[in-house]
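A.B. asks: Can you read through this structure? Questions will come right after.
The values are calculated or read from the model by the stated rules, or taken from the named source; none is laboratory data. Computed from a prediction, not measured in an experiment: that's the story for all the values here. Cβ: placed from backbone, ideal geometry, glycine included. Neighbour counts: every protein chain shown. Only protein heavy atoms, including side chains, enter the accessible area calculation; ligands, DNA and RNA are left aside. Shrake-Rupley method; radii C 1.70, N 1.55, O 1.52, S 1.80 Å.
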Amino acid sequence: LVSITAGCNVMDTHWTIFTAFVSALILRGSAKLLLKLRIDDPLEAFPIHGACGVWGCLAVGLFAKKKFLGNENYGLVLGGGGDLIGVQITGVLAIAAWTSVTLGVFFFILRKLGLLRISGSEEMEGLDTSKHGGSAYNMEKGGMY
């Protein structure tokens, strides 16, 4: 869904299906890369919203149909030249820069205030117990359920 949102109104159905298929590969690949790099992302937020979102934006520059845009700047694969893909790349870079600066400042402040990480003992105990007063799972009865 993330990868086809940007282009759902300017791409033919077969290109949205192709975009979604490629997105599945990007999702799995970027999730494996994060594991290999030892970056903790248990909800796979970056692979889904970051990597697949970038692909979706670039897919518009590749597969947007002239009929749906109403101008000469349509998808590169469909013969529209490089203007639209250039705009999409610029947009992706601008979003990445804005996000990096904004969150960089935010995380820097949290780190200086000592709020970015929890203590080792809290991590071992689990935040359910230390922050919420109980466990989310009844481990005495054999597990999660």
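A.B. asks: Taking the Cα centre of the chain as origin, sum charge times position over the Cβ atoms of Lys and Arg (+1) and Asp and Glu (-1), and report the length of that vector in debye to the nearest 20. Before the final figure, lay out the partial values.
C.D. replies: Working: 12 positive and 11 negative charges, 51 e Å.
Dipole about the Cα centre, nearest 20: 240 debye.
A.B. asks: Cut-off under 24 Å on the C-alpha distance; same-chain residues fewer than 8 positions from LYS131 excluded. Which lysines are left, in chain and number order?
C.D. replies: Candidates past the 8-residue exclusion: LYS112, LYS141.
A.B. asks: In whole angstrom, and with the biggest value first, how far do the Cα coordinates of the chain range along each principal axis?
C.D. replies: Principal axes ranked by extent give 62, 39, 26 Å for the Cα atoms.
A.B. asks: Between VAL22 and LEU35, how many nm apart are label points set 7 Å from Cα along the C-beta direction?
C.D. replies: Each label point lies 7 Å from its Cα, and together they span 2.5 nm.
A.B. asks: Just going by the charge dipole of the chain, with Lys and Arg at +1 and Asp and Glu at -1 on Cβ, which of ILE95, ASN71, ASN9 is farthest out on the positive end?
C.D. replies: ASN71
A.B. asks: For the chain, with every protein chain kept in place, what is the accessible area per residue (1.4 Å probe, Å²)? Could you put the intermediate results ahead of the total?
C.D. replies: On the way: 10410 Å² over 145 residues.
On a per-residue basis, 72 Å².
A.B. asks: Ordered by packing density, taken as the mean number of other Cβ atoms within 10 Å over each peptide's residues, highest first, how do 5-11, 50-56 rank?
C.D. replies: Details: 5-11: 18.3, 50-56: 22.0.
Per-residue Cβ counts within 10 Å, averaged per peptide and sorted highest first, yield 50-56, 5-11.
A.B. asks: Carbon and sulfur together cover what percent of the accessible area of the chain at a 1.4 Å probe radius?
C.D. replies: Numbers: 6870 of 10410 Å².
About 66 percent, which is the carbon plus sulfur part of the accessible surface.
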